[in-house]
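Structure record follows, encoded as structure tokens.
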Protein chains: 2
Amino acid sequence: MQMNERSVAPRMGRQPLTTRAALSHAALQLFLERGFEQTTVDDIASAAGIGRRTLFRYFPSKNDLPWGDFEAELARMRAFLAATDATMSVVDALAAAVIEFNRFPPEEVPYHRERMNLLLNVPALVAHSTLRYAEWRRVVSDFAAGRLGVAVDAIEPTVIGWVFLGASLAAYEQWLRTNDSDLIELLESALVLLREGFAPGRSPSVEPGGRT
Amino acid sequence: MQMNERSVAPRMGRQPLTTRAALSHAALQLFLERGFEQTTVDDIASAAGIGRRTLFRYFPSKNDLPWGDFEAELARMRAFLAATDATMSVVDALAAAVIEFNRFPPEEVPYHRERMNLLLNVPALVAHSTLRYAEWRRVVSDFAAGRLGVAVDAIEPTVIGWVFLGASLAAYEQWLRTNDSDLIELLESALVLLREGFAPGRSPSVEPGGRT
DNA sequence: CAGACTAGTGGCACTCAGTGCCGAAAAAGA
DNA sequence: TCTTTTTCGGCACTGAGTGCCACTAGTCTG
């Protein structure tokens, strides 16, 4: 077989000049320096040493650049969910997956933070993010539907998708607002609110006058 | 005082040629006929008999046209919430407000349905909607924070905002998928899932193998 | 090695959304 | 009539995104 020798250039045709990751990184750099709106696609392309036309072959829009390879992240999450114990409750499994999905090596945390700061604050990116979140919700509701034995478009999987997304984003917003908080802890407390906070009489935190 | 005589033209300067409502309606008409992407802003402007430049004074973007006067809707909801009995639980009050917010006179239902069909299916509109939803969530979390006596940016009001939005949109998605369903009923069942479905051991619907 | 084949590149021209500028139009008031 | 106020809309410009197409840099075959 000796494929190793060809691993550098295993296929025909011209080699790509760059990668999605490199472009995403270069773009993020510029967005942080000058701001998202102040950076044109031309700026990014020339910073990365490629043509503007080429950039649009790597990413369908300027808005997609900060997301990098989100599809791969989703695949990771899907795999994690598929591997959970089938006797685990759907909510437990999803809670574990959400935590896992958002765990990053410590050295990447500051980078991730700046990225999420852009995604959750720049209006154009906030808007565009919805499309990515829809794919994320799809992973969640596909899993829920499978485990519950109902159709994906039934109301339970749909609500579950929305509600887990909501809890995750609430935790992210909280994380970005504070300086030294731990994302995982915030996710856990948001998920606790989901599981216990909305049942009447279970938690005083959502009763009038209540406190945490 | 006799302001009545001037009610037709109570202020100085040239009279507006049209209204936000009329433009929103004209645009929606075209979007339904040819599709959102296939309709240019020029098309809408000339259909409404105004200049393109003028249209952008009524609406900040093409994406805003289908929303009409959403700010007024939000004000209605805020007023409803403010008028709720202070002894009512936050979740009860919000559930009632969500139902009220989405009640429409029967003759407007088909129109509302087509409008929501666009908003929830055209990618550009789906993305843009996020910004409107953020304002909606703000109304919810402002109310929750006030009643709970916590800061608006605490985690509980944030999660509550997200989760009620999620439940509402799940109901909408369900409504649009089926032909003869009742939006209010769907909202109610989504809210039931919120309140009872996520507490362990309370509902079999989110346990493995469970059904509805 | 020449030519065929394949895949990535990027220039050019175009469409369309959105904006700044500014003069014209339409109303009210003195 | 002249001034003030407000809306209108043309013009020109920026910037994202797309279709087209020739070019480049590789591999493969004879």
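The values are calculated or read from the model by the stated rules, or taken from the named source; none is laboratory data. These numbers were taken from a predicted model, which means no experiment stands behind them. Glycine also receives a Cβ, built like all others from the backbone with ideal geometry; neighbour counts cover every protein chain displayed. The area values use the complete protein model at the heavy-atom level, side chains included, leaving out ligands, DNA and RNA. Shrake-Rupley method; radii C 1.70, N 1.55, O 1.52, S 1.80 Å.
For B:A199, state whether it is modelled with pLDDT of 90 or more and open to solvent by less than 10 Å² (accessible area, probe 1.4 Å). Taking the combined requirement at face value, the residue does not satisfy it.
Quick check on the range B:85-106. Is at least one of its residues basic (K, R) and under 16 Å from B:I184 (Cα atoms)? Scanning the range B:85-106, I find at least one residue that is basic (K, R) and under 16 Å from B:I184 (Cα atoms), so the answer is yes. If only residues of the range A:55-81 that are more than 16 Å from DNA strand C (Cβ to nearest atom) and within 14 Å of chain B (Cβ to nearest Cβ) are counted, the one that is nearest to A:R132 (Cα to Cα) is A:W67.
Looking only at the range A:169-183, residues that are more than 7 Å from chain B (Cβ to nearest Cβ), within 14 Å of the chain's Cα centre (by Cα) and surrounded by fewer than 23 Cβ atoms within 10 Å (Cβ to Cβ) come to 2 in all.
Rundown of residues vs (1) crowded, with 18+ Cβ neighbours inside 10 Å; (2) in contact with an Asp or Glu (Cβ under 6 Å, 6 or more places away or on another chain); (3) part of a helix (DSSP H, G or I); (4) free of Cβ contacts under 8 Å to residues at least 60 places away in the same chain, yes/no style:
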{"residue": "A:D43", "(1), (2), (3), (4)": "no, no, yes, yes"}
{"residue": "A:L55", "(1), (2), (3), (4)": "yes, no, yes, yes"}
{"residue": "A:N63", "(1), (2), (3), (4)": "yes, no, yes, no"}
{"residue": "A:A72", "(1), (2), (3), (4)": "no, no, yes, yes"}
{"residue": "A:M88", "(1), (2), (3), (4)": "no, no, no, yes"}
{"residue": "A:A93", "(1), (2), (3), (4)": "yes, no, yes, yes"}
{"residue": "A:N117", "(1), (2), (3), (4)": "no, no, yes, yes"}
{"residue": "A:A151", "(1), (2), (3), (4)": "no, no, no, yes"}
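Within the range B:25-54, the set of residues being within 11 Å of DNA strand C (Cβ to nearest atom) and either touching a strand residue (DSSP E or B) at 6+ places or on another chain (Cβ under 7 Å) or β-branched (V, I, T) (or both) comprises B:T39, B:T40, B:V41, B:I44, B:T54. Of all the numbered requirements in (1) more than 15 Å from the chain's Cα centre (by Cα); (2) within 19 Å of B:E135 (Cβ to Cβ); (3) of a type in the set (A, V, I, L, M), B:V91 misses one, and that requirement is (2). The residues in the range A:124-149 that are more than 19 Å from A:F70 (Cα to Cα) and crowded, with 19+ Cβ neighbours inside 10 Å can be counted, and the count is 4.
Within the range A:187-196, identify whether any single residue is more than 17 Å from B:T158 (Cβ to Cβ) and more than 7 Å from every other protein chain (Cβ to nearest Cβ), and answer yes or no. No. Out of curiosity, is B:N102 closer than 25 Å to B:V140 by Cβ, within 14 Å of DNA strand D (Cβ to nearest atom), at pLDDT 95 or above and touching a Leu at 6+ places or on another chain (Cβ under 7 Å)? Spelling it out, it is not the case that B:N102 is closer than 25 Å to B:V140 by Cβ, within 14 Å of DNA strand D (Cβ to nearest atom), at pLDDT 95 or above and touching a Leu at 6+ places or on another chain (Cβ under 7 Å). Looking across the range A:37-84, the residues that are within 30 Å of A:S141 (Cβ to Cβ) and among the basic types (K, R) come down to A:K62, A:R76, A:R78.
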